[in-house]
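This report concerns only the one structure given below.
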Amino acid sequence: MTAPLIDPFARPITYLRVSVTDRCDFRCVYCMAENMTFLPKKDLLTLEELDRMCSAFVGLGVRKLRITGGEPLVRRDIMTFFEGMTRHLETGALEELTLTTNGSQLERFAEQLHAAGVRRVNVSLDTLDEEKFARVTRWGRLPQVLRGLDAAQRAGLRVKLNAVALKGFNEDEIFTLSEFCAARGMDLTWIEVMPMGDLGNEDRVGQYWSLNDLRARLAERYTLTDLPERTGGPARYVRLEETGQKIGFITPLTHNFCESCNRVRMTCTGQLYMCLGQEDMADLRPALRNHPNDDAPLREAIREAIAHKPKGHDFDYSRQKADGQVSRHMSHTGG
């Protein structure tokens, strides 16, 4: 039996987030600059290489695989990758195959995703105001995303919305978003903006809105009950007693969330980041490409990388500047 992946702090690594492309059909103001320079296509792992890479992780005990981007559904022929991962769900080696998306392509792909074994999707949606949505995404259109939500639910996918808390932007939509999700049977997670990448003219500190404040606002209208569930991830959950829905809070800045981290992130170029908030990474491409018929070097490279997983990240806004900022964009690492 293959020994599981255990990091230096005795945390089992059972969750891999994989960016399959750095490209996106939106240009969200907290994620990327409007005039982005994307990676040359030749630098990206092929779909076959992504399959081989993810399969190696599954063989080492990864039980949950989340596909991210950029926007993963804009990658050409991406459904062949999802369909390939179905075999690991069928054998039971993989417990869950999930997706984080901006929702723009869900109307097109929802039924195929369900057929491939995807049962849950996270959709990034920060506002229900059409004009504000166009402003924050720069290129996005809200009706297209709302049709995608409809299609996902029709196909049998469970949908969770992820909303980035942006000061002066969606502070007045706390209750609107909560009620929208409650009416549609969706959970909602709020996320503090993270200091990743050069955004051009955007003011990172000016965007930051503490979720302590957001939670206090929610408590003005709802009864919040803390939930004990832990997924090894960053979110902490409450139940709104009046609606019964679950609300999550991801607080990389207000509260460090690293003590039970069970995940690593792989970029679309085969670089493994053991921590979202650190620059250290391991390039797995040589082990993959130099040994096309032998996965043993790849498995060894993965184990070596996990042996260097840090205890936590360095994000900090306490001195009114974005300390701990990392240079790469979220779209490269995977949202």
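Just order 10-16, 100-106, 268-274 by mean Cβ neighbour count inside 10 Å, highest at the front, would you?
The most tightly packed comes first, giving 100-106, 268-274, 10-16.
At a probe size of 1.4 Å, how large is the accessible area of ARG119, to the nearest 10 Å²?
Rounded to the nearest 10, the figure is 110 Å².
Pick from ALA115, ALA93, ALA183 the residue whose mean-square fluctuation is largest in a GNM of the chain, springs joining Cα atoms under 10 Å.
Its mean-square fluctuation being the largest, the pick is ALA183.
So which trypsin sites (Lys or Arg not before Pro) in the range 43-100 pass both tests, a DSSP loop state and at most 12 other Cβ atoms within 10 Å of the Cβ?
Within the range 43-100, the qualifying trypsin sites (Lys or Arg not before Pro) (loop, at most 12 other Cβ atoms within 10 Å) are ARG76.
Of the heavy-atom accessible surface of the range 1-123 (probe 1.4 angstrom), what whole percent is carbon and sulfur?
51
Report, to the nearest 10°, how far helix 296-306 tilts away from the longest principal axis of the Cα atoms in the chain, using its own Cα long axis and a range of 0 to 90°.
40
Taking a spot 7 Å from the Cα of THR46 along the direction of its beta carbon, which residues of the range 277-298 have an amide N less than 13 Å from it?
289-290, 292-293
List, in order, the whole-Hz ³J(HN,Hα) value for each residue of the range 15-31 obtained from phi through the Karplus relation with A = 6.51, B = -1.76, C = 1.60 and θ = phi - 60°; use x for Gly and Pro.
Karplus-based 3J(HN,Hα) across the range 15-31 equals 9, 10, 9, 10, 7, 9, 6, 8, 7, 8, 8, 10, 9, 4, 5, 9, 10 Hz.
Give the accessible surface of the chain per residue, rounded to a whole number of Å², with probe radius 1.4 Å and ligands, DNA and RNA excluded.
Ligands and nucleic acids excluded, the result is 43 Å² per residue.
Counting helices only, and only those DSSP H runs with n ≥ 4, report the 222 nm mean residue ellipticity of the chain as the sum of -39,500 (n - 2.57) divided by its residues, in deg cm²/dmol to the nearest 500.
About -9000 deg cm²/dmol.
Hey, rough spin-label estimate for LYS167 and ARG303, points 7 angstrom out along Cα→Cβ, what's it come to in nanometres?
4.8
Taking the highest mean first, how do the peptides 140-150, 209-219, 20-30 order by number of other beta carbon atoms within 10 angstrom per residue?
So the peptides 140-150, 209-219, 20-30, ranked by packing, come out 20-30, 140-150, 209-219.
Give the Cα extents of the chain along the principal axes, in whole Å, largest first.
58, 46, 42
Along Cα→Cβ, 7 Å out, is where each label goes; now give me the distance between the ones at ALA296 and THR269 in nm to one decimal.
3.1
If you average the alpha carbon positions of the range 63-88 and of the range 146-179, how far apart do those two centres end up, in angstrom?
Spelled out, the Cα-based centre of one part sits 22 Å from the other.
The values are calculated or read from the model by the stated rules, or taken from the named source; none is laboratory data. Since the model is a prediction, treat every value here as computed from it, not as a measurement. Ideal geometry is used to build each Cβ from the backbone, glycine not excepted, and the neighbour counts take in all protein chains shown. These area figures cover heavy atoms from the full protein model, side chains too; ligands, DNA and RNA do not enter into them. Shrake-Rupley method; radii C 1.70, N 1.55, O 1.52, S 1.80 Å.
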